[in-house]
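The structure under discussion appears below in the form of structure tokens.
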Amino acid sequence: MNPLNPATEAAAATSAAPAPQSNFIRDIVVHDLEINKFGGKVQTRFPPEPNGYLHLGHAKAICLNFGLAAEFGGKTNLRFDDTNPEKEEQEYVDSIIRDVRWLGFDWEDRMFYASDYFDQLYAWAVQLIKADKAYVDDLSAEEIRKTRGTLTEPGQNSPYRHRSVEENLDLFERMRKGEFPNGSRTLRAKIDMASPNLNMRDPVMYRILHAEHHRTGNKWCIYPLYDFAHGQSDSLEKVTHSICTLEFEDHRPLYNWFIEQLGIFPSQQIEFDRLNLTYTLLSKRKLLQLVNEGHVRGWDDPRMPTLSGVRRRGYTPEALRNFCNSIGVSKTNGSIELAMLEHFLREDLNKRVPRVMAVLRPLKLVIDNYPEGQVEEMDAINNPEDASAGTRKVPFSRVLYIERDDFREIPPKQFYRISPGREVRLRYGYFVTCTNVVKDANGEVVEVHCTYDPATRGGNAPDGRKVKSTIHWASAAHAINAEVRVYDNLFLKEDPNDVEEGRDWTSNLNPNSLEVIRDAKLEPSLDKAASGARYQFERLGYFCVDPDTKPGALVFNRTVPLKDTWAKLEKRAA
RNA sequence: UGGGCGGUCGACUAAUGGUAGGUCAAGUGCCUUUGGAGCACUUUGUCUAGGUUCGAAUCCUAGCCGCCCAGCCA
């Protein structure tokens, strides 16, 4: 068997990925190419702030940026937008690098940091001061807020707006030298305090922050804000199409204003809709809160929508890419059903992952007429979707474990599994007919007894008789024990932010998002399963080996259950 | 309320003045040694009202609804 694990992933054949469908950004690129807008070049970038772990929303942005450039022979840079030393950390940089690589993208030698450009940005600020387009303001944060105006009223000019160029130059230089405390002064662009776009009301370009930066250390005590760093960083990297999310639409006029005033390469900002997924929160701030408040075990908790979380859960990069390429890109705010993501996950796993038998909630099945002490090695197919995956042997004996759910003393309508008097097939084993059950003092069934038909070895009856269902099993004497972590949605509501007055989104957390099963019974071929290896537990779902696994103590995560027609029928009947 | 941006099957997304199509979901049937997978079929849609036009999802006008913006966050 060749279970897929992360180590061999890069070498694994990429499943037939749907070609990214047309979208409005691609159309713009095609058009720009036609009119030779950027000399026939396409340059994009993925610009995360290293203040948290990447999540599925970032996967969409990554696929879009790298996909677009690749399609048109361009390049994509990885750039860390690290202009706020108070929130950024090396740990996050490292995780981002790991995650983008894992998703399958390569920025070659083009890994940059906004902090690489601090000297240039400073020089540009000086240039704007000299052009009387920027000034040092002594107003406090509070005062700036008060004089900014409101959505309907214009703001008022700062009393410091008309300082001389010389004084501004001097003050800005002294800000840089560290002569002033945090918050005492800012550098502001001189635009228009009456603009209907609040971003144009003399936005702050630099603030004083006596804080150590994860890369520049204590070199700086003033740091540029996003608006004074992002566009120029794009420009320096000759980014042709600067793709960002919708909330930056209002910033585009400012983005363009700085580029025009500075007379630098005119990168073009294009905004698209953020990814929203049902039953999922995609906000770094809230994910951080989940981690900090201990609602999950960490950024890579398999219930987290972070890339490290879904990786640990058993998602494949291929599934994620196929999903991202299929959901489209637009400007409408919507929410994609989680079922869509899971579809692409199952589609990929189904084709590539070996099948194996595992019993999660064991119930003893005794075959009364099977010879005591006899063991047969049954042939089992590793992957019916892939003949090259071959076969394996699975030991069969008199006492087996079956799934508790596969037995009903009184079978409901349409329940085809084991119940008294009914014949079913044990996968790769024999036909067995349930004869009676043993109950404990509480009346709970603890043992199911049956007889087998020796003529049906392997699972076929020579007389051609059919059976309604096939049951998976594990030989009691040979099964290995494992812990299995079964996950459900982290949130109870489709929209986790949908809360009644006075409550917050954490009240929508699903208290049963994790169920730990400690005594699952697995077929013995799994005893050497390596961390990260993925399997389909037949009839149950896809599972992968968690890194918590220790020698002799296997731990599996349920990646996603198989579609379950019976569960659906049962639910509908209820 | 000022500004910006949106509204196409249940969800997502195409159609760029000329047959409203695809994927997911849902349903029906076939097939099946996984009630898995696969195959076939089916249901449901252009926010509203006017207008332009031979012809409008697309253009115009007026509404309605939703999202974003008042950080020295990004």
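Bear in mind these aren't lab numbers, they're just calculated from the coordinates by the rules spelled out. Quantities reported herein were computed from a predicted structural model and do not represent experimental measurements. Methodologically, a virtual Cβ is constructed for each residue, glycine included, from the backbone with ideal geometry; neighbour enumeration extends over all protein chains shown.
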Anchor A:Lys351: lysines whose Cα lies under 17 Å away (excluding residues fewer than 8 positions away in-chain): A:Lys563
task: Take each of the peptides A:292-298, A:406-412, average the number of other beta-carbon atoms within 10 Å over its residues, and list them starting from the highest.
output: A:406-412, A:292-298
statement: For chain A, the charge dipole (Cβ of Lys, Arg +1; Cβ of Asp, Glu -1; about the Cα centre) points to a positive end, and the Cα of A:Leu288, A:Ile222, A:Gln261 closest to that extreme belongs to A:Leu288
message: Tell me whether the stretch A:273-429 comes out rounded, prolate or oblate; compute the Cα gyration tensor, take square roots of the eigenvalues as a ≥ b ≥ c, and use a/c under 1.5 as the rounded threshold.
response: prolate
- request: Could you please tell me the mean projected area of the C-alpha convex hull for the stretch A:13-146, averaged over all directions and given in square nanometres to one decimal?
  value: 12.5
statement: Hydrodynamic calc, chain A: Kirkwood Rh from Cα pairs, then Stokes-Einstein at 20 °C with viscosity 1.002 mPa s, so D in µm² s⁻¹ is 78
query: Considering every Cα-Cα pair within the stretch A:46-91, what fraction, in whole percent, is farther apart than 16 Å?
result: 44
task: Calculate one ³J(HN,Hα) per residue across the stretch A:499-507 by plugging θ = phi - 60° into the Karplus curve 6.51 cos²θ - 1.76 cosθ + 1.60, and present them in order as whole Hz with x for glycine and proline.
output: 10, 6, 3, x, 10, 10, 4, 5, 6
- request: Taking the dipole about the Cα centre of chain A, with the C-beta of Lys and Arg at +1 and of Asp and Glu at -1, give me whichever of A:Val445, A:Gln90, A:Gln120 is farthest to the positive side.
  value: A:Val445
field: Charge dipole (debye, nearest 20) of chain A; +1 at Cβ of Lys and Arg, -1 at Cβ of Asp and Glu
entry: 1140
query: Near A:Lys439, which lysines are there with a Cα under 28 Å away, not counting those fewer than 8 places off in the same chain?
result: A:Lys364, A:Lys413, A:Lys468, A:Lys521, A:Lys571
- request: Count the DSSP beta bridges whose two residues both fall in chain A, then state the antiparallel fraction as a percent rounded to the nearest 5.
  value: 70
- request: Run the dipole for the stretch A:37-130 about the Cα centre, Lys and Arg Cβ at +1, Asp and Glu Cβ at -1, nothing else charged, and hand back the magnitude in debye, nearest 20.
  value: 580
The stretch A:355-573 - Rg (one decimal) and Dmax (whole number), Cα, Å: 19.4, 68
- request: On a 0 to 90° scale, report how tilted helix A:165-177 is relative to the longest principal axis of chain A, with both axes built from alpha carbons and the result rounded to the nearest 10.
  value: 40
task: Equivalent ellipsoid semi-axes for the stretch A:135-262, as square roots of 5 times the alpha carbon gyration tensor eigenvalues: give them largest first, rounded to whole Å.
output: 23, 22, 13
message: Sorted from largest to smallest, which semi-axis lengths in Å does the alpha carbon gyration tensor of the stretch A:410-524 give for its equivalent ellipsoid, taking the root of 5 times each eigenvalue?
response: 40, 17, 16
Relative contact order, percent, chain A [alpha-carbon distance under 8 Å, six or more residues apart]: 13
field: Proximal aspartates and glutamates relative to A:Lys87, as straight alpha-carbon distance under 19 Å, when same-chain residues fewer than 8 apart are discounted
entry: A:Glu49, A:Asp116, A:Glu212, A:Asp227, A:Glu293
message: Placing unit charges on C-beta atoms (Lys and Arg positive, Asp and Glu negative, everything else neutral), compute the dipole magnitude of the stretch A:355-573 about its Cα centre in debye, rounded to 20.
response: 640
message: Can you give the local net charge around A:Thr549? Use residues other than it whose beta-carbon is closer than 13 angstrom to its beta-carbon, Lys and Arg +1, Asp and Glu -1.
response: 0
message: With equal scatterers on the alpha carbons only and no solvent term, can you work out the Debye log10 of I(q)/I(0) for the stretch A:116-190 at 0.13 1/Å?
response: -0.41
message: Tell me the relative contact order for the stretch A:118-225 as a rounded percent, counting alpha carbon contacts under 8 Å between residues six or more apart.
response: 27
- prompt: Between A:Asp405 and A:Thr150, what FRET efficiency follows from the Cβ-Cβ distance if R0 is 45 Å, with the result rounded to 0.05?
  reply: 0.15
- request: Taking H placed 1.01 Å from N in the peptide plane, check which residues at least 5 places from A:Met378 or on another chain put their amide H under 5 Å from its amide H.
  value: A:Val394, A:Phe396
- request: Take the Cα atoms of the stretch A:188-318, build their convex hull, and give its volume per residue in Å³.
  value: 182
- request: Could you tell me the distance between the Cα centroids of the stretch A:252-282 and the stretch A:119-166, to the nearest Å?
  value: 23
message: Positive end of the dipole of the stretch A:355-573, charges at C-beta (+1 Lys, Arg; -1 Asp, Glu), about the Cα centre: which of A:Ala479, A:Val516, A:Thr549 has its Cα farthest in that direction?
response: A:Ala479
- prompt: What relative contact order, as a whole-number percentage, does the stretch A:286-353 give when Cα pairs under 8 Å and 6 or more residues apart are counted?
  reply: 21
field: Potential extension, A:Arg274-A:Asp463 segment - 0.36 nm per residue separation minus Cα distance
entry: 62.1 nm
